[in-house]
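**Q** Following this message is one structure expressed as structure tokens.
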């Protein structure tokens, strides 16, 4: 049975390849910075469980210093020119979509077959990640054969895209780790206490509004609705909305969580959704995706307050 | 109260656009030290959590195939394909993608699409192509707006679809939290209450996409 550890081995090998190719890239003046950065990521995937907590901490410190001191450049492996791409596009036609679309098909098949079809190829708890890894390998193979691309192109083109994302690629994982430190220090409880002790919530609508806006606001600060939910629900949702006003717990929790998601759309701390795409799409403004989302997030947040008020009581 | 300095460090660090990786590490140290931990303890806690969250970074395994199809001209093809369907403009295109993303996420298929595997190689070039067909080459500001809107549409479709699926992390978190507070709920009871917000999200963002469509047309026509 395929376990998550196999996926980590694959990821480690891929990042190790990025590191080696970066080191050999004479066109990148900061090639050693790139090699070291992706090399550390490879080390984390390959040997993270054997490094110990302090070892991993030092590794993270290394990543942050390389990025923070500006030692990370952008490799430019040889790729096809825009003209070549246009003529290749005409030659291959709709075949070009096959590898890209085989990816979601394999992911969906893997997830569905494991969850409902009794497939025992992979650890059911990690079916999504393992299916994604399998699909990535299969789709790459399909692309190489169908589009007759050079054998090294997955690694070189992958490295090109990886350098486009750059340090932002590691930000989501770093923020998850920061969330753990926040949890140890009790940051969430403290903010929850501040909110509940300074805002009077004797009216039902006020309490609903404070809970929903608090979920969103707290998510903006923590970068994650999952971190906000236990704090705001223990502070306001449970004692006031459910126990005092007799609200339906299912409605309150479900819509409360979705109010948090409105916050996720508005914060740079939700880096994988908001900052990584901006880097990946090569947008000059790092916050362009957030700016595109705010006009949807704010009215939706108000709609959540209305929905909760209307359906929970 | 001092522990909140870490939150302040994050806000200030992002506001002055210091490198975010550095901001995160500084915030971790500020928070941990304020809470009475030693620097080594902070580093250990941070390293442990970093290692446990490696699955977050696994998503980059799709970069090689995304790069290969890009090398072979997929973005160009996506752009010209949409040009042949002259009646499809950027608004309806992204509304269709929004519906697709919400429905598949509601079925638990959150990983079949995404920023790396769908938006960069296919959806963003198609959206750009749909605008270009009507108005000719895009200026840099419009191109950024179209791409950012495509990326935002993916996030919105994902967030306001996935909670309808009963076995998604957030639903399980809520079930677990309520159980520990003495309230027993079935996941399905929570997930049906994600549907009203999902519909409102589709209406609000869909309306914005219609307006966005008109705006790009006016901007380039004027």
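Laboratory data are not the source of any read-out in this text; all were calculated from the coordinates shown. Please read these numbers as outputs of a predicted model, since none were measured by experiment. Don't worry about glycine lacking a Cβ; one is built from the backbone with ideal geometry, like all the others, and counts go over all protein chains shown.
**Q** Please arrange A:233, B:135 by counting, for each residue, the other beta carbons lying within 10 Å of its beta carbon, fewest first.
**A** Lowest count first: B:135, A:233.
**Q** Can I ask one more? May I ask you to order A:192-198, A:81-87 by the average number of other C-beta atoms within 10 Å around their residues, highest value first? Can you show the working numbers first?
**A** Details: A:192-198: 14.3, A:81-87: 12.7.
My ranking of the peptides, most packed first, is A:192-198, A:81-87.
**Q** Relative to the longest principal axis of chain B, what angle (0 to 90°, nearest 10) does the C-alpha long axis of helix B:124-135 take?
**A** So the helix axis and the longest Cα principal axis differ by about 30 degrees.
**Q** Also, quick follow-up: Where the centre of each part is set by its Cα atoms, how far does the range B:114-148 sit from the range B:37-78, in angstrom?
**A** 24 Å
**Q** Of all the Cα-Cα pairs you can form in chain A, what percent are over 25 Å apart? Don't jump to the answer; show the numbers that get you there.
**A** Working: 30740 of 48828 pairs.
The proportion of pairs with Cα distances above 25 Å equals 63 percent.
**Q** Right, here's the next one. Taking the Cβ of each residue in A:208, B:123 as the centre, tally the other Cβ atoms inside 10 Å and list the residues starting with the fewest. It would help to have the intermediate numbers written out before the result.
**A** Details: A:208 30, B:123 23.
Ordered by Cβ neighbours within 10 Å, fewest first: B:123, A:208.
**Q** On C-alpha positions alone, give me the angle between the axis of helix A:4-23 and the longest principal axis of chain A, in degrees, nearest 10.
**A** 50 degrees
**Q** Treat the count of other C-beta atoms within 10 Å as a stand-in for reagent exposure and order B:60, A:211 from fewest to most.
**A** Details: B:60 23, A:211 27.
Ranked by crowding around the Cβ, least crowded first: B:60, A:211.
**Q** Show me A:213-221, B:163-171 ranked by packing, highest mean number of other Cβ atoms within 10 Å first. Walk me through the numbers before you get to the answer.
**A** Numbers: A:213-221: 24.2, B:163-171: 19.1.
Those peptides, ordered most packed to least, come out A:213-221, B:163-171.
**Q** Could you work out the per residue convex hull volume over the alpha carbons of the range B:1-145, in cubic angstrom? Could the numbers behind the result be given before it?
**A** Numbers: hull volume 25.3 nm³, N = 145.
Here the figure is 174 Å³ per residue.
**Q** Applying a 10 Å radius around every beta-carbon, put A:225-231, A:278-284 in order of their mean neighbour count, most first.
**A** A:225-231, A:278-284
**Q** Over the range A:4-171, consider all pairs of different Cα atoms and compute the Kirkwood hydrodynamic radius from their mean reciprocal separation; express it in Å, one decimal.
**A** On the way: mean 1/r = 0.0562 Å⁻¹.
Hydrodynamic radius (Kirkwood, Cα only) of the range A:4-171 equals 17.8 Å.
**Q** For the range B:45-129, what does the alpha-carbon gyration tensor say about shape, rounded, prolate or oblate, given a ≥ b ≥ c as the root eigenvalues, a/c under 1.5 as rounded, and a/b over b/c as prolate? Please list the in-between numbers first.
**A** Details: a/c = 3.37, a/b = 1.74, b/c = 1.93.
In terms of gyration-tensor shape, oblate.
**Q** If you count, for every residue in B:115-124, the Cβ atoms of partner chains within 10 Å of its Cβ, what is the mean? Provide the component values of the computation, followed by the final result.
**A** On the way: counts 10, 6, 9, 4, 3, 6, 6, 4, 0, 3.
Rounded to a whole number, the mean comes out at 5.
**Q** Let me ask something else about it. Taking Rh as the Kirkwood radius, which is the inverse of the mean 1/r over Cα pairs, what is the Rg/Rh value for the protein assembly as shown? If you can, show how the numbers build up before the last one.
**A** Working: Rg = 23.0 Å, Rh = 23.9 Å.
Reported Rg/Rh, Kirkwood definition of Rh: 0.96.
**Q** Pick from A:268, A:154, A:299: which is most flexible by mean-square fluctuation in a GNM of chain A where alpha carbon atoms under 10 Å apart are linked?
**A** A:299
**Q** A further question on this structure: Per residue of A:280-291, how many C-beta atoms from partner chains lie within 10 Å of its own C-beta, taken as a mean?
**A** That average works out to 6.
**Q** Turning to a different aspect of this structure: Let me make sure I get this right: for the range A:186-311, a, b and c are the square roots of the gyration tensor eigenvalues over alpha carbons, sorted descending. Under 1.5 in a/c it's rounded, otherwise prolate if a/b > b/c, else oblate. Which is it?
**A** Numbers: a/c = 2.67, a/b = 1.88, b/c = 1.42.
It is prolate, given that a/c is not under 1.5 and a/b is the larger ratio.
**Q** Now for a different question. Rounded to whole Å and sorted largest first, list the principal axis extents of the Cα atoms in the range B:1-49.
**A** For the range B:1-49, the Cα extents along the three principal axes come out at 28, 24, 14 Å.
**Q** Counting partner chain Cβ atoms within 10 Å of every residue's Cβ in B:81-87, what's the average?
**A** Values: counts 5, 0, 0, 0, 0, 0, 0.
Counting Cβ atoms of other protein chains within 10 Å of each residue's Cβ and averaging gives 1.
**Q** So, one more: Quick check on the protein assembly as shown: helices-only [θ] at 222 nm, where DSSP H runs of length 4 and up contribute -39,500 (n - 2.57) each and the sum goes over total residues. Nearest 500, please. Mind showing how you got there, number by number?
**A** Values: 25 runs with 381 residues, N = 535.
About -23500 deg cm²/dmol.
**Q** To the nearest 10 degrees, how steep is helix A:288-311 against the longest Cα principal axis of chain A, on a 0 to 90 scale?
**A** For A:288-311 against chain A, the angle is about 30 degrees.
**Q** Now for a different question. Which of rounded, prolate or oblate describes the range A:29-81 when judged by the alpha-carbon gyration tensor and an a/c cut-off of 1.5?
**A** On the way: a/c = 4.22, a/b = 1.84, b/c = 2.30.
Note, shape of the range A:29-81 comes out oblate.
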